[in-house]
Amino acid sequence: MTSTLNSPAGTASDTVPTLWHWAGGTRVKGTSGRTSDVTNPASGAVTAHLPLASADEAAAVIAAAKTAFPGWRDTSLSRRTTILFRFRELLNARAGELAELITAEHGKVASDAAGEVARGQEVVEFACGIAHLVKGSATENASTNVDVHSVRQPLGVVGIISPFNFPAMVPMWFFPVAIAAGNTVVLKPSEKVPSSALWIAELWKEAGLPDGVFNVLNGDKTAVDALLTNPDVKSISFVGSTPIARYVYETGTAHGKRVQALGGAKNHMVVLPDADLDLAADQAVNAGFGSAGERCMAISALVAVGDIADTLVAKIADRAESLRTGDGCRGCDMGPLVTAAAQKRVSGYIDAGVASGATLVVDGRTGEFDADAAPGSDGGFFVGPTLFDHVETEASIYTDEIFGPVLSVVRVDTYSQAVELINANPYGNGTALFTNDGGAARRFQNEVEVGMIGINVPVPVPMAYYSFGGWKNSLFGDTHAHGTEGVHFFTRGKVVTTRWLDPSHAGLNLGFPTNA
Ligand code: NAD
C-alpha cells in the first residue's frame, strides 16, 4: 500500500499521505477541505489524512455509479461471473497485503486480520454462483395458452456503510452479491479504517470490473446523509452501532429505499453445570478477548449456571492473565483498541464496574504492552484483558455494549434464569450455550430470542451461504446479510405473463381477467 500513497490524487507534501475517494475507476482527490486522521492504534502514529466528502462530492461519486449501472446490468451473467472469479483469484493471491492493512489501521492481530479476509472471501465465492442464485421460475399453461415466468433484476446504485471493526469482511458481506447481481456500489467505509476499501477498489479494477461499478466514498455523517437522501441510491446496507443503525433505517426508508441496518450487540455465553469447563474457559477467552472485544459477535456476558462459577472464573482468569497484548504485527494474542477515545471509554467502563461493586478479577488497565510508541504520541491504545465476577444486571458493564476486552460473569441458579436474561436484553445478535446435554441445547436454540446461536461454538458467525443477522436492536429491517436473503435484498422480482397462441378474441370485456 505504501507504494500507492504518493499518487496524483493524494498529496505527499508532508510525511503523512492524504488518501482519496474512488469513483469511475480512478482515484479522486478530496476537495471539501475537511479531513480526519487515520492512526496506527498500536503506536499512536497518524498514518494518513482522509478526505471527508462534501455533499457535492458524494453526489459526484453516486453519479459515477449511476452512469455505470445500465452497462453492468446488461452485462451477461457469464461475463459478470468471470470477473468475480478473477477477483477471487487476485484476492487469494494477495490476501496477506489486505490483512496487513487491516492490522495497521484497526490494530487486530495478524491471524485475526487474515481470518477476517478469509471470511469475506467466502462471500465472494458464494457470489460466484450468482447465475444459480438469481434463477427465476416458469409455469407453462398457467391459464389456457398462457405462460408465466419470474425474474429477479438488480436495483441500481446500492449504498454500503460499514463500521471500523471489520474493514474488509463487513463490506464483503454485501458488495460481492450486489455486484454479481448487476448493481453498482458506493461503499462508505469507516473513516477510522479507510485503506482496505481503497485497496479493494484497485483490486476490482485489476480483475476487469468496468469503471464505476465499485466506488468508494470517504467521509462522515455528511457522506452518509448524502447516500440516505439521494434518490439515485436504491438501497442501503449499514453495519454499525445501534443508534446510528436506527437513524439510518428511519432516514433511508423515509426516502423510499430498502434498508438493512445491522446494529450493536451484547452477546451472552451460557455455561451449564454439565459443560466441559476447560473448553468453556478457552472459548470464553477466545470470544471475549479476540480482536480486543471489538467484534459484534464478541462474548461480553458469561452466564454461569449453578455451582460452577468459582471453578470457571478461576480457569478463565488463568488464561486471561497468560495473554500477551501488544502490536498486532508481533505475534501477540491481542492488539490495541482502535482509537484513544475507545481506550478511554473502555477504561471508564472498568472504573464504573469497580464502582458498581462487581469483583475485578483481572484488571486490563494495568500491565505491560508489547509495542513501540510513535514519536510525539502517547503510545498505542491498549487495554488488557479484563474479567469481572459477581456482576449485577443493573451495572453499566452488563447493560451497555462496551466493545472492548471486558468479560462480565453473571451468576444464576437455573437454565431458565439464564434464558430470561438473554430474552430480556434489548440486543439479539449472537449467543452461545456450552453443555453436554442435547435436550438442553435443543430447548435453548428454540427458546432464545437471538438471531445467531452457537451450541458449544462461541462465535457462531454463519457461513456465506446462510445469512448473517441479529434480532431486536441488533437489526433494523427484515433482511439479513448474504446468503439467499442477501441475493433477495439486492434484486427485485418481476413476473411476466405471456400469451402467444390462440389469443382468443372474445371482444370487449371490461371485467377483471380470470383464468381458465
Ligand atoms: P458507528 O455506528 O460509529 O459507525 C458506523 C458507520 O456509521 C461508519 O461508517 C460511520 O462513519 C458512520 N457514522 C458514525 N456516526 C454517524 C452519524 N452520526 N450519522 C451518520 N453516520 C454515522 O460504529 P463503529 O464504531 O464504526 O462500529 C462498531 C459498532 O458496529 C458496534 O456497535 C458493533 O456492535 C457494530 N457492529 C455490528 C455488526 C453486526 O453485524 N450487527 C457487525 C460489526 C459491527
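The values are calculated or read from the model by the stated rules, or taken from the named source; none is laboratory data. Just so it is clear, the model here is predicted, and its values are computed rather than measured. Note that we place each Cβ from the backbone using ideal geometry, even for glycine, and neighbour counts take in every protein chain shown.
Taking segment 23-62 as the range and being crowded, with 19+ Cβ neighbours inside 10 Å and of a type in the set (Asp, Glu) as the test, only GLU57 passes.
A count restricted to segment 113-137 and to residues that are more than 18 Å from LYS192 (Cα to Cα), in a helix (DSSP H, G or I) and not β-branched (Val, Ile, Thr) stands at 13. No other residue among THR15, THR35 is of a type outside the set (Asp, Glu) and either touching a His at 6+ places or on another chain (Cβ under 7 Å) or within 20 Å of ILE161 (Cα to Cα) (or both) apart from THR35.
Residue count for segment 174-218, restricted to those that are of a type in the set (Gly, Ala, Ser), in a helix (DSSP H, G or I), away from the ligand (no atom under 16 Å from the Cβ) and out of contact with any strand residue (DSSP E or B) (no Cβ under 8 Å at 6 or more places or on another chain): 2.
The set of residues from segment 84-124 being of a type in the set (Asp, Glu) and either touching a Pro at 6+ places or on another chain (Cβ under 9 Å) or at pLDDT below 95 (or both) comprises GLU105, GLU116. Of all residues in segment 73-91, those satisfying the criterion of being surrounded by 15 or more Cβ atoms within 10 Å (Cβ to Cβ) and of a type in the set (Lys, Arg) are ARG73, ARG80, ARG86, ARG88.
Answer yes or no: is there a residue in segment 137-148 that is touching a Lys or Arg at 6+ places or on another chain (Cβ under 8 Å), of a type in the set (A, V, I, L, M, F, W, C) and free of Cβ contacts under 8 Å to residues at least 60 places away in the same chain. For segment 137-148, residues touching a Lys or Arg at 6+ places or on another chain (Cβ under 8 Å), of a type in the set (A, V, I, L, M, F, W, C) and free of Cβ contacts under 8 Å to residues at least 60 places away in the same chain: absent. If the condition is being polar (S, T, N, Q) and within 16 Å of the ligand (Cβ to nearest atom), then segment 268-310 contributes SER291, SER300. The residue that is farthest from the ligand (Cβ to nearest atom), counting only those in segment 244-267 that are touching a helix residue (DSSP H, G or I) at 6+ places or on another chain (Cβ under 7 Å) and more than 20 Å from LEU155 (Cβ to Cβ), is GLY263. Can you find, within segment 148-167, the residue that is nearest to ALA481 (Cα to Cα) among those that are surrounded by 24 or more Cβ atoms within 10 Å (Cβ to Cβ) and more than 12 Å from the ligand (Cβ to nearest atom)? Among them, the one singled out is VAL158. Checking every residue in segment 311-320 against the condition of being more than 13 Å from the ligand (Cβ to nearest atom) and basic (Lys, Arg) gives at least one match. For segment 215-236, a tally of residues being over 24 Å from GLY30 (Cβ atoms) and within 18 Å of the chain's Cα centre (by Cα) returns 1.
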